[in-house]
Ligand SMILES: C[S@@+](CC[C@H](N)C(=O)[O-])C[C@H]1O[C@@H](n2cnc3c(N)ncnc32)[C@H](O)[C@@H]1O
């Protein structure tokens, strides 16, 4: 039985009823709750947190808004068919019965990403191939020609999701991953993923009501994400309006423009009074950072220093510090343990009790050399690296705590 997804209606301010439907926002490990908060704040209904995903309901305006403004989503998917299949042939038959001509034109291009689990469909590539065959066979029968596959830049990106015998087909409304914000003009050696950077800021409680400092800022991803939040700049403001949904048959240009205008009008509405500082030892990396800041026109909002972190005091007053030091994976540091020890010493010596310090690392050995007990240790993933996001509360007793830990 094919269920073509339909949910309900919402009534807009103007009194017009709009169809609502289910959506799935994809994200990273430990960012599900912050993403759910973002979605609720923009009016999503029936928000349910899953594993690296959040399900929610809303109308097409919400789909546009979520793509344009969510800082911690990698993609917004729209499920459109759901059914059970126990064999390859059943999968083919059910896919064939979907009215694909209502979804896309025969001249459109598409691709299918697939994930399968369970004992029936053990090869996700083969399940995607069967699905593709059913789609093109239906078009060929009805139109005498078929849509083409394009894995680089397709008009439609479909997700095929199979768990045991349960099949869900979803449309990826984002197109390219939403971490591609469009502001990277220059990259350092190991830039952090933009969605992860925004998520770490949210996990660290960045409320735009203090200063922000990244003592090892590299090309400035943390600084830019922090400054974008402080200026209420939509997450995809610099992306150049490239989203998958814009190539859909049902794309409504008027609604999209109105959502974008609503969000762009909020820019600068926060009255942020703090300072945002970045520091890095590598002059060439700071040049890349400057390029990115100039591109985003945030260069007047961020102050940069060149030097080693232990020589640079943070801004005066309440300051959130979030940093991404070398892990020794992509960046070689001669003695990483000594460097992490120096970091801990700097936290204690230079960062007073006005500072709230967070650090992400995948080096669990070097981490121990910080010499402070973290008050939180959140598992996160940076690319393929298993990482921890550590919180250090710096206070008078920190030094004592170090000796206690050393003694254990
Ligand atoms: C993992 S990268 C940071 C990447 C950054 N988050 C980004 O998105 O581009 C670590 C950075 O630490 C810097 N670094 C290494 N040793 C340093 C030191 N002693 N003081 C300041 N920065 C240092 C490196 O130059 C590098 O840019």
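The values are calculated or read from the model by the stated rules, or taken from the named source; none is laboratory data. Remember, it's a predicted structure, so these values are computed and weren't measured experimentally. Don't worry about glycine lacking a Cβ; one is built from the backbone with ideal geometry, like all the others, and counts go over all protein chains shown.
Points to keep in mind about this one:
- Residue within region 176-187 that is touching a helix residue (DSSP H, G or I) at 6+ places or on another chain (Cβ under 6 Å) and either away from the ligand (no atom under 16 Å from the Cβ) or assigned to a helix (DSSP H, G or I) (or both) present: no
- Lone unmet requirement of (1) near the ligand (Cβ under 9 Å from one of its atoms); (2) out of contact with any helix residue (DSSP H, G or I) (no Cβ under 6 Å at 6 or more places or on another chain); (3) in the same structural domain as residue 381 (by TED's automatic domain parsing) for residue 217: (2)
- Members of region 91-124 found to be closer than 14 Å to residue 137 by Cα and part of a helix (DSSP H, G or I), listed by number: 91, 92, 93, 94, 95, 96, 97, 100, 101
- Residue in region 263-277 that is within 16 Å of the ligand (Cβ to nearest atom) and within 21 Å of residue 351 (Cβ to Cβ) present: yes
- Within region 250-272, the set of residues being more than 22 Å from the chain's Cα centre (by Cα) and over 26 Å from residue 301 (Cβ atoms) comprises 250, 251, 252, 253, 254, 255, 257, 258.
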